[in-house]
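The values are calculated or read from the model by the stated rules, or taken from the named source; none is laboratory data. Quick caveat, the model's predicted, so the values are computed rather than measured. Cβ: placed from backbone, ideal geometry, glycine included. Neighbour counts: every protein chain shown. Calculation scope for accessible area: heavy atoms of the full protein, side chains included, ligands and nucleic acids excluded. Shrake-Rupley method; radii C 1.70, N 1.55, O 1.52, S 1.80 Å.
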Amino acid sequence: MRWWDLERVMELEEELFPEDAWSRGMFWSELAHARGRDATRHYVVAEEGARLAGYAGLAVVDRTGDVQTIAAARDHWGTGLGARLLTDLLTAATAFECREVLLEVRVDNARAQRLYERFGFEPIGIRKGYYQPGNVDALVMRLADPATASAAAIANGEPTPNAASTAHTANPANPANPATSVQGTETHG
């Protein structure tokens with residue numbers, strides 16, 4: 001994700017999360033930490049042609065990854081885009097040498113919870129009233145080893161990236177070679 005993606009990201013953010021959408025400033029703050037030698041963030045967008053189909057972001061602190069956001073346009077629900085975005089984040093977490101990855105998900109979002117469980121995330125707690133202004137609780141989930149998550153997802157039938165599409169995702173392990181691929185969409189960091 002780059003600054004020029006923010007207009008389309010904000011449109012999708014406000015459509016999908018009308019009550020608790022991130023502000024443009026929140027995305028700018030995250031992107032400020034996504035480049036350079038000391039990057040602690042990894043953000044990616046998925047495009048279908050010129051249309052933004054989804055986006056995702058990861059923050060890293062002290063070898064712990066935290067999934068900040070994953071969003072897929074409604075017409076992409078059930079297509080595997082969410083799984084491909086999550087795979088990208090977990091690949092980045094592995095490159096950042098994360099020992100674990102955490103995330104929060106709305107307690108009323110069973111679809112997202114099932115996705116995370118297929119990748120090996122396990123519930124570890126509840127954050128009361130985490131999502132505001134709706135005062136909705138968050139389920140906190142943990143993945144103990146992001147490096148093994150892709151194998152677990154494949155075993156559970158998740159779609160995997162292939163070389164059918166070109167991607168431009170920032171790769172913290174090798175900034176000189178940013179390419180990865182995501183099936184059916186083009187992603188870029």
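Kindly provide the set of residues from the range 100-121 that are farther than 19 Å from Gly80 by Cβ and within 17 Å of the chain's Cα centre (by Cα), ordered by number.
Here is the first cut: in the range 100-121, the residues farther than 19 Å from Gly80 by Cβ are 100-102, 104, 106-108.
Selection gives Glu100, Val101, Leu102, Glu104, Arg106.
Just to be sure before I move on: is Arg74 of a type in the set (Lys, Arg), in contact with a strand residue (DSSP E or B) (Cβ under 8 Å, 6 or more places away or on another chain), modelled with pLDDT of 90 or more and surrounded by fewer than 19 Cβ atoms within 10 Å (Cβ to Cβ) in the structure I sent? Answer is no for this residue. Counting only residues that are of a type in the set (Asp, Glu) and over 18 Å from Ala71 (Cα atoms), the range 105-137 holds 2 of them.
Taken as a whole, the structure places Thr94 among residues that are open to solvent by 40 Å² or more (accessible area, probe 1.4 Å) and not in a loop (DSSP other than H, G, I, E, B). Of all residues in the range 114-130, those that are in contact (Cβ under 8 Å) with a residue 12 or more places away in the chain have Cβ atoms under 8 Å from Cβ atoms of residues that are open to solvent by 30 Å² or more (accessible area, probe 1.4 Å) and in a helix (DSSP H, G or I), 6 or more apart or on another chain, in Arg118/Ala152; Phe119/Ala152; Gly120/Thr148; Gly120/Ala152. List, please: which pairs have Cβ atoms under 6 Å, are six or more places apart or on different chains, and start with a residue in the range 32-57 that is more than 14 Å from His76 (Cα to Cα) and end with one that is modelled with pLDDT of 95 or more and among the basic types (Lys, Arg)? Sorted first by the residue in the range 32-57, then by its partner, the pairs are His33/Arg41; Ala34/Arg41. Pull out all pairs, ordered by first then second residue, where Cβ-Cβ is under 6 Å, the residues are six or more apart or on different chains, the first lies in the range 12-31 and is surrounded by 14 or more Cβ atoms within 10 Å (Cβ to Cβ), and the second is among the charged types (D, E, K, R) and in a helix (DSSP H, G or I). Qualifying pairs under 6 Å: Ala21/Glu13; Ala21/Glu14; Trp22/Glu13. Elements of the type strands (runs of 3 or more DSSP E) sitting completely within the range 1-83 and holding at least 1 residues that are touching a Pro at 6+ places or on another chain (Cβ under 7 Å): these cover 41-48, 64-72.
What about Val61, is it modelled with pLDDT of 95 or more, over 21 Å from Leu115 (Cα atoms) and of a type in the set (A, V, I, L, M, F, W, C)? Considered against the rule, which asks whether it is modelled with pLDDT of 95 or more, over 21 Å from Leu115 (Cα atoms) and of a type in the set (A, V, I, L, M, F, W, C), Val61 comes out as yes.
Does Val101 fit the bill of being modelled with pLDDT of 95 or more and either more than 19 Å from Gly120 (Cβ to Cβ) or open to solvent by 10 Å² or more (accessible area, probe 1.4 Å) (or both)?
No: the conditions fail for Val101.
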